[in-house]
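Undergrad: I'd like to ask you about the structure that follows.
The values are calculated or read from the model by the stated rules, or taken from the named source; none is laboratory data. The model shown is predicted, which means the values in this text are computed figures rather than measured ones. A quick note on method: Cβ atoms are made from the backbone with ideal geometry, for glycine too, and the neighbour counts reach across all protein chains shown. In case anyone asks, the SASA skips ligands and DNA or RNA and just uses the protein heavy atoms, side chains included. Shrake-Rupley method; radii C 1.70, N 1.55, O 1.52, S 1.80 Å.
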Amino acid sequence: MGSSESLAEQPPLSPAQQAGPPRDAQAPAQMRWWGWGDAKHEPSLGAGALQKVAEAVGLGERPQPPVALEHVRVLPSALSDAAAEELRGLLGEDRVRTDHVERVLHAAGKGHLDLVRLRAGEPHATPDAVLHPGDEQQLRAILDLCARRSIAVVPFGGGTSVVGGLAPLRGANEAVVSLDLAALCRISLDRESRIVTAGAGLRVAELERRLRSEGLTLGHFPQSYEYVSLGGCAATRSAGQASSGYGRFEEMVMGLKLIAPEGELDAITVPASAAGPDLRQLIVGSEGALGVISSLSLRLHRTPPARSYEGFMFEGFAAGVKALRTLAQDGPKPTVARLSEQRETELSLALSQSSGLVQRLGRRYVTMRSHGEGCLAILGFEGEEQEVALARRRATQLAKDCGAQRLGRRVGEAWLAQRFAAPYLRDELLTHGVMVETLETATTWAKLEHLRAGVTTAIERALAACGTPGLVGCHISHIYEGGASLYFTFLAKRQLGSEERQWHAVKQAACEAIVGRGGTLSHHHGVGIDHAPWIERELGVSGVAALRALKAELDPAGVMNPGKLLPEEQPSSPIRAA
């Protein structure tokens, strides 16, 4: 096979081959239907952590566990018998599923509203059927049939969307199906070029596991790493936690293929091209609204032989921002760079699952709070041993020059070990009556503090107006020469029975603050349903019209993921209807 070789069949990895990012074993086939992760995952919030949350925002009067799966409301399928029979003829009986469990599993992503609805047994909608194509030929046949029969199609990868991107909406169509791409997972490796070509349904964690035995890495580790698919990362312009070093996902895409109802876009695998607008970047970020990404070719890196992650405590957020801006513009640029303001640092202490982190960070935080804010930063460097050592020394000196105290590698490694834990903690807090939600944006360094303060204030006021004063934290999660991203986490007591009104009020306030202060609607979560009402404010009238023209060319029947990415044709309130 020359330099290209299949990685589809590999023996189990030896312990030596398993060195790599924490928790990167092959992900389970399916997450819990009502929340994040494996059903075997044990609760990890201790009584002390719950007490601190209770003091900050309050807890529900009693735990609110999810209803039993069999009690989730699922309406009768609207898929006609003729359409179902034709689909079974194309795919086979076992690849067309209409059972209760399968429809619930594909009813939503993992955003706050998704989980509130699912846990109550009242999903916003459920697909009329779940289809499991085995190859691109079957995928092509499905889209042809759905366009002809007016059946909406919602591509489904890892199920990790937090912006309503997987809601099975029909739009103007007669029925809606969820298109599970898990079987599209073949892999081939071009070692000479360090490019891997893989099916869009392959999980990122599984690709990383396969690559480790070759001494290679993709370098993409979003918080959804355990479950997210390659196609999902491309469709939403994902940014991993190490994107400051390895790049955002769109920078990793060397080529990809999109299958649409009215044709195909096949962006050839080349390192660069001047042959008109970049077709790759037209497909990346399309969120299933134009067609289905079926395969991708991605650049790889050699597994770094050395790694160093350390914690620092800055006296204030402004001092930390100055340090990160200098690292981004003048170097050495970290692989991972994160800076939490005071309230998020407090939240990290309260919810940390690492006793070592609590002990070490707690002592330094108390000291720092006596004469400043106390803002935690994590700096991580990966690469050749000498390069990492030099970068670490230079970054440490810069941090100290900006007034930081060095916390050491123990704090950095503790963060690394639990960096995928937040979604599990969110589920536990939901059970205890706490609303936990996130949103993210990005802007230039010059506008960063103005944006952070404005969004924080908007969220606080919206929560207070709902009668549920909350705690709002923020951190910088990715840095660039020209600016950085801001990631907000907020907690408040759930308004039982009015959770959707509470969420909508905060979301509208936050989005208005973002677009009004020069931020982007999304740095890496995507548009989905949640941000679509504001997309024209960012892209402009002509930009949205251009996207509509492209959709009309590729999807004239309007069956691809209705309601996502593009705003509704008719003006309406930016508040999503329940």
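Undergrad: Report, by residue number, each residue of segment 82-111 that is under 28 Å from the mean Cα position of the chain (by Cα), outside any loop (DSSP other than H, G, I, E, B) and among the basic types (Lys, Arg).
TA: Arg95, Arg97, Arg103
Undergrad: Output the number of the condition that Val472 fails; it satisfies all remaining conditions of (1) at pLDDT below 95; (2) open to solvent by less than 10 Å² (accessible area, probe 1.4 Å).
TA: Going through the list (1) at pLDDT below 95; (2) open to solvent by less than 10 Å² (accessible area, probe 1.4 Å), Val472 breaks only (1).
Undergrad: Can I ask one more? Looking at His71, His124, His106, His100 in this structure, which one is in contact (Cβ under 8 Å) with a residue 12 or more places away in the chain and in contact with a Gly (Cβ under 7 Å, 6 or more places away or on another chain)? Even if it seems obvious, please write down each step before you answer.
TA: Working: His124 fails: in contact with a Gly (Cβ under 7 Å, 6 or more places away or on another chain); His106 fails: in contact with a Gly (Cβ under 7 Å, 6 or more places away or on another chain); His100 fails: in contact with a Gly (Cβ under 7 Å, 6 or more places away or on another chain).
Of His71, His124, His106, His100, the one residue that is in contact (Cβ under 8 Å) with a residue 12 or more places away in the chain and in contact with a Gly (Cβ under 7 Å, 6 or more places away or on another chain) is His71.
Undergrad: Which numbered condition trips up Ala16, out of (1) open to solvent by 30 Å² or more (accessible area, probe 1.4 Å); (2) aliphatic (A, V, I, L, M); (3) at pLDDT below 90; (4) part of a loop (DSSP other than H, G, I, E, B)?
TA: (4)
Undergrad: Can you spot a residue in segment 515-528 that is in a helix (DSSP H, G or I) and either touching a helix residue (DSSP H, G or I) at 6+ places or on another chain (Cβ under 7 Å) or open to solvent by 10 Å² or more (accessible area, probe 1.4 Å) (or both)? Walk me through it before giving the result.
TA: Pass one, segment 515-528, residues in a helix (DSSP H, G or I): 515-516.
Within this subset, residues satisfying the condition of being either touching a helix residue (DSSP H, G or I) at 6+ places or on another chain (Cβ under 7 Å) or open to solvent by 10 Å² or more (accessible area, probe 1.4 Å) (or both) are 515-516.
Checking segment 515-528: at least one residue is in a helix (DSSP H, G or I) and either touching a helix residue (DSSP H, G or I) at 6+ places or on another chain (Cβ under 7 Å) or open to solvent by 10 Å² or more (accessible area, probe 1.4 Å) (or both).
Undergrad: Taking segment 117-148, which residues are touching a Leu at 6+ places or on another chain (Cβ under 8 Å), open to solvent by 10 Å² or more (accessible area, probe 1.4 Å) and either of a type in the set (S, T, N, Q) or assigned to a loop (DSSP other than H, G, I, E, B) (or both)?
TA: Narrowing segment 117-148 to residues touching a Leu at 6+ places or on another chain (Cβ under 8 Å): 119, 124-126, 128-136, 138-139, 141-142, 145.
Filter once more, so that each one left must be open to solvent by 10 Å² or more (accessible area, probe 1.4 Å): 119, 124-126, 132, 134-136, 138, 141.
His124, Ala125, Thr126, His132, Gly134, Asp135, Gln138 - these are the residues of segment 117-148 that are touching a Leu at 6+ places or on another chain (Cβ under 8 Å), open to solvent by 10 Å² or more (accessible area, probe 1.4 Å) and either of a type in the set (S, T, N, Q) or assigned to a loop (DSSP other than H, G, I, E, B) (or both).
Undergrad: Sticking with this one: For segment 407-414, indicate whether the set of residues that are in contact with a Lys or Arg (Cβ under 9 Å, 6 or more places away or on another chain) and either assigned to a strand (DSSP E or B) or modelled with pLDDT of 95 or more (or both) is non-empty. It would help to see each step written out before you state the result.
TA: Start the filter on segment 407-414 by keeping residues that are in contact with a Lys or Arg (Cβ under 9 Å, 6 or more places away or on another chain), which leaves 407-408, 410-411, 414.
Restricting the remaining residues to those that are either assigned to a strand (DSSP E or B) or modelled with pLDDT of 95 or more (or both) gives 407-408.
There is at least one residue in segment 407-414 that is in contact with a Lys or Arg (Cβ under 9 Å, 6 or more places away or on another chain) and either assigned to a strand (DSSP E or B) or modelled with pLDDT of 95 or more (or both).
Undergrad: Would you point out which residue out of Leu79, Leu45, Leu59 is in contact with a His (Cβ under 6 Å, 6 or more places away or on another chain) and either part of a loop (DSSP other than H, G, I, E, B) or exposed (fewer than 15 other Cβ atoms within 10 Å of the Cβ) (or both)? Spell out the reasoning first.
TA: Values: Leu79 fails: in contact with a His (Cβ under 6 Å, 6 or more places away or on another chain); Leu45 fails: in contact with a His (Cβ under 6 Å, 6 or more places away or on another chain).
Sole residue among the options that is in contact with a His (Cβ under 6 Å, 6 or more places away or on another chain) and either part of a loop (DSSP other than H, G, I, E, B) or exposed (fewer than 15 other Cβ atoms within 10 Å of the Cβ) (or both): Leu59.
Undergrad: If you don't mind, another one. How about segment 196-222: which of its residues are outside any strand (DSSP E or B), among the hydrophobic types (A, V, I, L, M, F, W, C) and more than 18 Å from Gly255 (Cα to Cα)? Before you say what the answer is, go through the steps one by one.
TA: Just the residues of segment 196-222 that are outside any strand (DSSP E or B), to begin with: 200-202, 204-215, 218-222.
Imposing the further condition that a residue be among the hydrophobic types (A, V, I, L, M, F, W, C) reduces the set to 200, 202, 204-205, 207, 211, 218, 221.
Ala205, Leu211, Phe221, listed by residue number.
Undergrad: Return yes or no: is Glu382 under 23 Å from the mean Cα position of the chain (by Cα), under 25 Å from Ala453 (Cβ atoms), modelled with pLDDT of 95 or more and among the acidic types (Asp, Glu)? Let's see the steps before the verdict.
TA: Working: under 23 Å from the mean Cα position of the chain (by Cα): yes; under 25 Å from Ala453 (Cβ atoms): no; modelled with pLDDT of 95 or more: yes; among the acidic types (Asp, Glu): yes.
So Glu382 does not fit the description; no.
Undergrad: So which residues in segment 76-113 are within 17 Å of Ile142 (Cα to Cα) and touching a Ser or Thr at 6+ places or on another chain (Cβ under 8 Å), if there are any at all?
TA: Scanning segment 76-113 gives Leu79, Ala84, Thr98.
Undergrad: Any residue in segment 159-168 that is touching a residue at least 24 places away in the same chain (Cβ under 8 Å), at positive phi, more than 25 Å from the chain's Cα centre (by Cα) and surrounded by fewer than 24 Cβ atoms within 10 Å (Cβ to Cβ)?
TA: At the first step, the residues of segment 159-168 found to be touching a residue at least 24 places away in the same chain (Cβ under 8 Å) are 159-168.
Within this subset, residues satisfying the condition of being at positive phi are 159, 164.
Narrowing further to those that are more than 25 Å from the chain's Cα centre (by Cα): none.
No, segment 159-168 contains no residue that is touching a residue at least 24 places away in the same chain (Cβ under 8 Å), at positive phi, more than 25 Å from the chain's Cα centre (by Cα) and surrounded by fewer than 24 Cβ atoms within 10 Å (Cβ to Cβ).
Undergrad: Is it the case, given these coordinates, that Gln10 is open to solvent by 80 Å² or more (accessible area, probe 1.4 Å), within 30 Å of Arg302 (Cβ to Cβ) and either at pLDDT 55 or above or assigned to a loop (DSSP other than H, G, I, E, B) (or both)? Steps first, answer last, please.
TA: On the way: open to solvent by 80 Å² or more (accessible area, probe 1.4 Å): no; within 30 Å of Arg302 (Cβ to Cβ): yes; either at pLDDT 55 or above or assigned to a loop (DSSP other than H, G, I, E, B) (or both): yes.
So Gln10 fails the test.
Undergrad: Let me ask something additional. Within segment 233-252, how many residues turn out to be open to solvent by less than 40 Å² (accessible area, probe 1.4 Å) and in contact with a Phe, Trp or Tyr (Cβ under 9 Å, 6 or more places away or on another chain)?
TA: Applying the first criterion (open to solvent by less than 40 Å² (accessible area, probe 1.4 Å)) to segment 233-252 yields 233-235, 238-244, 246-250, 252.
Within this subset, residues satisfying the condition of being in contact with a Phe, Trp or Tyr (Cβ under 9 Å, 6 or more places away or on another chain) are 233-234, 238-244, 246, 252.
Looking only at that region, the number is 11.
Undergrad: Got a sec? Which of Gly454, Gly467 is within 24 Å of the chain's Cα centre (by Cα), at pLDDT 95 or above and either part of a strand (DSSP E or B) or surrounded by fewer than 20 Cβ atoms within 10 Å (Cβ to Cβ) (or both)?
TA: After applying the criteria, what remains is Gly454.
Undergrad: While we're on this one: Mind listing whichever residues of segment 97-116 are among the aliphatic types (A, V, I, L, M) and open to solvent by less than 10 Å² (accessible area, probe 1.4 Å)? It would help to see each step written out before you state the result.
TA: Looking only at segment 97-116, we keep the residues that are among the aliphatic types (A, V, I, L, M), and these are 101, 104-105, 107-108, 113, 115-116.
Val104, Ala107, Leu113, Leu115, listed by residue number.
Undergrad: While we're here: Looking at (1) more than 29 Å from Thr431 (Cα to Cα); (2) out of contact with any strand residue (DSSP E or B) (no Cβ under 9 Å at 6 or more places or on another chain); (3) not basic (Lys, Arg), which one does Leu496 not meet, given that it meets all the others?
TA: Among (1) more than 29 Å from Thr431 (Cα to Cα); (2) out of contact with any strand residue (DSSP E or B) (no Cβ under 9 Å at 6 or more places or on another chain); (3) not basic (Lys, Arg), the lone unmet condition for Leu496 is (1).
Undergrad: Related question: For segment 253-289, give me each residue that is open to solvent by 10 Å² or more (accessible area, probe 1.4 Å) and in contact with an Asp or Glu (Cβ under 6 Å, 6 or more places away or on another chain).
TA: Lys257, Pro261, listed by residue number.
Undergrad: Testing Val74 on (1) assigned to a helix (DSSP H, G or I); (2) of a type outside the set (Gly, Ala, Ser); (3) surrounded by 15 or more Cβ atoms within 10 Å (Cβ to Cβ), one condition comes back false. Which one is that?
TA: It fails just one condition, (1).
Undergrad: Give me the pairs: first residue in segment 240-262 and in contact (Cβ under 8 Å) with a residue 24 or more places away in the chain and within 27 Å of Ser477 (Cα to Cα), second residue surrounded by fewer than 24 Cβ atoms within 10 Å (Cβ to Cβ) and basic (Lys, Arg), beta-carbon distance under 6 Å, and six or more apart or on different chains, which are they?
TA: Qualifying pairs under 6 Å: Glu250/Arg237; Met252/Arg299; Val253/Arg280; Met254/Arg299.
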